[in-house]
Amino acid sequence: MSILVNKNSKVIVQGFTGSEGSFHAGQMIDYGSNVVGGVTPGKGGQTHLDKPIFNTVEDAVKTTGADVSIIFVPPGFAADAIMEAADAGIGVIVCITEGIPTKDMVKAKSYIQGKNVTLIGPNCPGIITAEECKVGIMPGFIFKKGTIGVVSKSGTLTYEAVDQLTKAGLGQTTAIGIGGDPIIGTTTKEAVEMFMNDPETEGIVMIGEIGGGMEAEAANYIKSTGNKKPVVGFIAGQTAPKGRRMGHAGAIIGGADDTAAAKMAIMRECGIFVVDSPAEIGETMLKALGKK
Amino acid sequence: MNIHEYQGKEILSKYGVRIQQGIVANTVEEAVAGYQQIAERTNSKFAVVKSQIHAGGRGKGKIVGTEQRGVQLAKSADDISTIATNLLGNTLVTIQTGPEGKVVNKVLIAEDVYYPGASEPKEYYVSILLDRGRACNVIMASTEGGMDIEEVAEHTPEKIIKEWIDPRVGLQGFQARKVAYKLGLTGTANKEMVNFLISLYNAYEDTDSSMFEINPVLKTSDDKILAVDAKVNLDDNALFRHKDLAALRDKAEEDPTEVEASESDLNYVKLDGNVGCMVNGAGLAMATMDIIKLYGGEPANFLDVGGGANAVTVEAGFRLILKDPNVKAIFVNIFGGIVRCDRVAAGIVEAYKSIGEIPVPIIVRLQGTNAEEGSKIINESGLKVYSAVLLKDAAELITKVLA
């Protein structure tokens, strides 16, 4: 088991023939993901990377039975691509695109509500089930199959955490980068909930950052499960100044609840193993699992 | 992106939001000329001089070393001249600027809207912003106009009215009426407030704004509703489709190093510490700042070189960091995914040679794709660079080089 994607997932790439889409589709195929085709309007009927190109997601789903889509289209068109995938019945949509206007995302998020779809991102590294299926842009070689679920708002910080876990002898079930924008599809709490319900996942790493209330929501949920599985948490931005956007569009301290200190405090109260230093994620998970 | 009050008001006005009228001035002469126009139009000798800086708290803030406030009422052309002379070119310190303050380059000469009449003028608070949790916009309003809304929220949360907007249909008339009635407005003022809110929301949506804060909104003595101030924040991600709004950027309000960084496509925020850092990815960059602090330093900056780190970006990054005289050490933290560590290492060596002597110790931590090849390049370069693979080891080097 794992969550959201596995070796049976049929993946299509929206923005297949662009430079980003091409490069990462190739990397995903190399990792072993079952990429069944791609969508580039106007190029339907051609092939790319030996896979069929379709004009619309609907055509792609009808022909290939695709159930997962990854989006690499430019920011101005990405929200439209999300809605197109949801309309065509795709079950898991991963949007990598960075820089989508907030207004577009508010619309897209509202559009997909009530449909049977999970959106990951935007502005995220994607999702990977170790040694089975990569639907994202992460370096595949750092992941090892195992029992830890990882959820994070950040790309390279996720890699850092995963690398520490792997070096500590702890493989992963699935790792999800949920994205650093103010409006994202899957929240920290929703991702944690999926891991809590996944029988293979034994421990969870939850990496957040300043801005928004998602970590507090996840922490309260974790407490409500009776801390069924150990969770190791880190919040980036303990030294970030108020009112400045730190790279990610959503990483900004507005009020008191947005600070790293406030989030870490509530996470501790809820029984999460919170680390002050991002260098201690792997070690702390070992301790939390009673393996050290 | 933040814009000035006068620019925000111009936008509002285009959408039919009633505003306190004013004329922006760059010099004392322009200020006096502006006053004369306004005095003629309003038939009043009163006008307000308002410093135009990208920070709030101007009314209580003072020009460094003087008692001159950032916003002041004037009664004559002489007054205007004195106040504008005190403000223009000088540094205003407010609760939001930090102790270093901001230089006032422009003042807004605004009409006096608190004139006496049939009823008492009264101030309100209105803002529109994104509610991240509910993934929709929210209008917030309060009878406590002119106050710091965070304090109102903390001490008297019941005085804040919220109306969430369904993204599928936008702001509806009944919602605007609810807000106006909850604010206690009746008759003409109520109708004025409804129109004010609807126009304001249209402006917010159309300009792809992230936040509008109108504090205060004034009910005048003759029951008009108008915006006395306008704090407007535009969504940076949407500026590509609003060239006219993108042109409102005032680089003089930004840190010059940050402007330079944005021109090299680097994501840089200046901080006050003594250890500079250069990182790929925003989350890891914040985490790197945190680790600098945990190991005895203070971060001097946030710098995300992004997914395309190469010799050019690395050199630009070093040059930015070295502009800050407080920097005592530099920590380069790269987790190579798509970025290959050997390329980054080669970039560091090239940048080092191109810049010449870098006077502070550099800690380079390369991990991920081709990390070993990267470390080899660094170690064989003969540069005075501390190299580490594990984040923990790199962190301990910070303590060591600062000792």
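The values are calculated or read from the model by the stated rules, or taken from the named source; none is laboratory data. No experiment lies behind these values; they were computed from the predicted model shown. Quick reminder, even Gly has a Cβ in these numbers, built from the backbone with ideal geometry, and neighbours come from all protein chains shown. Areas reflect the complete protein model, heavy atoms only, side chains present, ligands, DNA and RNA absent. Shrake-Rupley method; radii C 1.70, N 1.55, O 1.52, S 1.80 Å.
Key figures for this structure:
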read-out: Gap separating the Cα centres of the range A:87-122 and the range B:1-74, nearest whole Å; value: 43
read-out: Residues of chain A: accessible area per residue with a 1.4 Å probe, Å²; value: 34
read-out: Candidate lysines - alpha carbon under 16 Å from A:Lys10, same-chain residues fewer than 8 apart omitted; value: A:Lys51, A:Lys62, A:Lys134
read-out: Computed E for B:Glu357/B:Asn105 - FRET, C-beta separation, R0 35 angstrom, nearest 0.05; value: 0.40
read-out: Residue with peak Gaussian network fluctuation, chain B [Cα springs, cutoff 10 Å], from B:Ile198, B:Ile165, B:Ile338; value: B:Ile338
read-out: Overall form of the range A:217-292 per C-alpha gyration tensor (a/c, 1.5; a/b vs b/c); value: oblate
read-out: Cα-centred dipole magnitude for the range A:109-230, charges only on beta-carbon of K, R (+1) and D, E (-1), debye, nearest 20; value: 100
read-out: Label zone at A:Arg268, where the point sits 7 Å out along the Cα-to-Cβ direction: the range A:233-251 residues whose backbone N lies under 17 Å; value: A:233-239
read-out: The range B:104-194: radius of gyration over Cα atoms, expressed as a fraction of 2.2 N^0.38 Å; value: 1.27
read-out: Kyte-Doolittle mean at least -1.0, axial Cα span of 20 Å or more - DSSP H helices of chain B; value: B:28-42, B:187-206, B:341-355
read-out: Efficiency of FRET from Cβ geometry, A:Lys287 and A:Glu200, R₀ 35 Å, rounded to 0.05; value: 0.95
read-out: Loop-resident sites, the range A:89-169, for chymotrypsin sites (Phe, Trp or Tyr not before Pro), counting at most 16 other Cβ within 10 Å (DSSP); value: none
read-out: Selected from B:Ser209, B:Ser51, B:Ser119 as most flexible by GNM, with chain B as the system and alpha-carbon contacts under 10 Å; value: B:Ser119
read-out: In nm, spacing of pseudo-spin labels at A:Gln113 and B:Ala311 (7 Å Cα→C-beta vector); value: 5.3
read-out: Acute angle (nearest 10 degrees) that the helix A:75-87 long axis makes with the longest principal axis of chain A, alpha-carbon atoms; value: 80
read-out: Qualifying lysines (Cα of each under 28 Å from Cα of B:Lys376; at least 8 residues distant if same chain); value: A:Lys144, A:Lys167, B:Lys328, B:Lys353, B:Lys384, B:Lys392, B:Lys400
read-out: Nearest 10 degrees, 0 to 90: helix A:214-224 Cα axis against chain A principal axis; value: 70
read-out: Stokes-Einstein translational diffusion, the protein assembly as shown - Kirkwood Rh over all Cα pairs, 0.890 mPa s, 25 °C, in µm²/s; value: 91
read-out: Extension reserve of the B:Ile95-B:Lys243 stretch, reckoned as 0.36 nm per residue once the Cα distance is removed; value: 50.1 nm
read-out: Simple label model, 7 Å out from Cα along Cβ direction - B:Asp78 to B:Glu29, nm; value: 2.2
read-out: Helix A:156-167 vs. chain A, principal-axis angle (Cα, 0 to 90°, nearest 10); value: 70
read-out: Dipole magnitude (debye, nearest 20) for the range A:25-96, charges at Cβ of Lys, Arg, Asp, Glu; value: 140
read-out: Length added when fully stretched, B:Val389-B:Asp222, from 0.36 nm per residue minus Cα-Cα; value: 53.1 nm
read-out: Proximal lysines to B:Lys182, defined as alpha-carbon separation beneath 17 angstrom and excluding residues fewer than eight positions away on the same chain; value: B:Lys122, B:Lys159, B:Lys162, B:Lys191, B:Lys219
read-out: Rg/Rh (Cα only; Kirkwood hydrodynamic radius) as it applies to the range A:127-265; value: 0.96
read-out: Length-normalised contact order of chain B in % [C-alpha pairs under 8 Å, at least 6 apart]; value: 12
read-out: Segment B:Ile160-B:Val138, extension gain: residue separation times 0.36 nm, minus the distance between their alpha carbons; value: 6.7 nm
read-out: Candidates B:Glu253, B:Glu123, B:Glu372, ranked by Gaussian network fluctuation over chain B, Cα under 10 Å, top entry; value: B:Glu372
read-out: Cα centroid separation - the range A:129-143 against the range A:232-292, whole Å; value: 24
read-out: Calculated FRET efficiency for the pair B:Asp250/B:Tyr181, C-beta based, R₀ 51 Å, to 0.05; value: 0.85
read-out: Three-way shape label, the range B:281-382, alpha-carbon gyration tensor, a/c 1.5; value: oblate
